[in-house]
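Just below is one structure, and these are the notes that go with it.
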Amino acid sequence: MISCSFFVVWRIQTKEKKSMKKRKIGLITLTAFCIGDTIGSGIFATLPEGVSRIGSGVGYAWIATILLTIFVSIPTLIPSTVLPCPSSSYTLSCRLISPYIGFLEIVSVINYITILAFLGTFFGSYLEIVFPNAPKTIVSVGIILLMWIINLFGVESGTKLQNLIVLVLIVSFFAYIASGSVHIHTNHLAVSSVFTPGKLKIETFAVVVGLFYNCTGGCFTQCLVLSNEVKKPEKNLIRSGCITAIFVGSLFCLMSIVTLGIIGKSNSIDSLGTLAKQFMPTGLWYLFIIGGAWGAMLSTMNAVILSVGYRLDTMAEDGIFPAFFNKKNRFGTKPVCITLPVAIAIVVIGLDLPLFFLMSINTVLCILASVLRLLPVLTLNKKYPHTYKRAVIKLPQKLCYVWVALATAVCIGISISTIASTTGTIWWAILCILCLLYLYLMLRVKYLKSRGYDLIEKMSQPYDEWQEREQHYKMEDLNNNEEEKAATGRIVSCLSKERYAYGKTES
């Protein structure tokens with residue numbers, strides 16, 4: 001789900017901020033950003049696992065994934081469009097719901113650490129395809145340390161480079177589809193009896209949809225970030241996100257169908273790279289491995305380190321973490337915020353957990369984080385009614401509640417299916433980690449309160465610009481109402497005069 005071009009947005013907001021102010025971006029440009037933010041390395045891991053589990057039902061799974069992505073993302077989009085803030089998934093939950101709910105954004109932090117460990121391990125596996133004698137664990141740890149050093153010294157990938165990586169990825173994916181399509185065995189794609197008893201269980205289907213959701217969950221991210229810079233946001237935001245979900249989901253679906261058509265459900269593969277070597281020309285295969293898989297993983301690692309560091313940074317600004325988290329080096333980077341997740345990810349690699357375990361953890365935590373991001377929209381209309389009227393997307397309150405309830409139920413159902421398909425030990429471990437983190441929060445609140453600092457109040461305090469915007473819109477609405485009343489009064493007065501004149505004429 002993490003983007004291979006995450007830095008595109010960051011660079012737009014910094015290096016190209018002036019040009020963005022002068023010129024609004026249209027539907028095509030926004031969609032390009034969204035596609036770049038969605039296509040990443042996740043597909044290389046989830047596709048083989050999904051195909052082996054679901055077989056010829058893979059097409060249905062991708063259709064369900066596309067619909068789920070759109071369904072869950074629309075309510076999540078609304079608050080960020082009218083209440084801009086740093087790390088909105090954390091900040092909005094704290095300010096609009098409760099600081100104790102907002103702190104659950106730590107789930108996303110754990111998720112990103114898991115992703116980082118998974119990517120390091122997976123990169124070692126893909127490096128072995130080209131260099132069979134490479135020490136896998138050393139490579140996995142070394143590549144994470146390399147990306148940490150790059151972020152530590154403030155070296156960011158440029159916009160053009162990131163867009164080039166996305167272009168290479170798309171080209172490599174279509175090369176995989178085109179080369180593999182001539183090797184498909186049609187009997188592997190028979191969809192008759194897919195959902196009959198003994199063929200495919202609904203629990204398995206839910207697990208696969210959850211895995212695939214990791215690959216499409218970022219379709220609306222750029223819509224959240226760039227909402228103020230878009231032409232006709234009330235139309236283009238939803239259009240762009242939906243187009244992205246359909247395009248990327250369809251691309252991944254074609255890759256899945258080609259993979260299934262070649263190997264069938266009964267045969268398993270270690271990786272797409274191993275399979276691609278069997279049918280792709282040598283030049284295209286190297287493009288698929290180096291330009292596609294390696295490029296996506298490296299860029300995604302970079303994005304993960306930045307993203308988790310950004311969240312820790314925002315939490316540290318509120319006071320959740322000690323002051324040394326906020327200290328910057330001479331390159332403007334906060335070393336502790338990016339070093340801590342990297343260190344934990346290396347420890348996870350040392351545990352040598354199976355890849356499916358890591359994917360399952362990522363799936364459940366990703367879905368739970370999505371559920372948490374649904375909640376702020378429920379109170380937006382109550383706390384900021386006049387601001388909400390200017391939202392790019394508006395839902396009636398009752399429809400909003402029903403929508404969020406259904407999306408939450410579906411997400412929880414998929415999570416339960418995923419948890420049930422793996423051992424319970426890892427989930428107890430994660431639950432213990434969350435309990436320890438909440439214990440830390442309680443102790444931190446108590447400690448700061450003894451020093452005259454109310455952490456919960458700080459986490460609940462809305463930004464001044466939110467309050468100013470609400471007051472401005474309130475006055476604007478009052479003036480509009482007064483003007484409407486005055487206009488109505490003038491109309492009534494004119495009608496009364498006409499009736500009076502008409503009565504005198506009749507007399």
### Query
If you count, for each residue, the other Cβ atoms within 10 Å and average over each peptide, how do 277-285, 383-391 line up from highest to lowest?
383-391, 277-285
### Task
Compare the peptides 205-213, 331-339, 87-95 by average per-residue count of other Cβ atoms within 10 angstrom and give them in order, highest first.
205-213, 87-95, 331-339
### Query
For the peptides 463-471, 293-301, what is the packing order when you average, over each peptide's residues, the other Cβ atoms within 10 Å and list the highest mean first?
293-301, 463-471
### Query
With every protein chain left in place, what is the accessible area per residue of the range 259-344 in square angstrom, probe 1.4 Å?
40
### Query
So what is the diffusion coefficient of the range 282-383 in µm² per second by Stokes-Einstein at 37 °C and 0.692 mPa s, using a Kirkwood Rh over Cα pairs?
195
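The values are calculated or read from the model by the stated rules, or taken from the named source; none is laboratory data. None of these values were measured; they are calculated from a predicted model. Glycine gets a Cβ as well: all are built from the backbone with ideal geometry, and neighbour counts include every protein chain shown. Heads up: the accessible areas ignore ligands, DNA and RNA and are worked out on the full protein's heavy atoms, side chains in. Shrake-Rupley method; radii C 1.70, N 1.55, O 1.52, S 1.80 Å.
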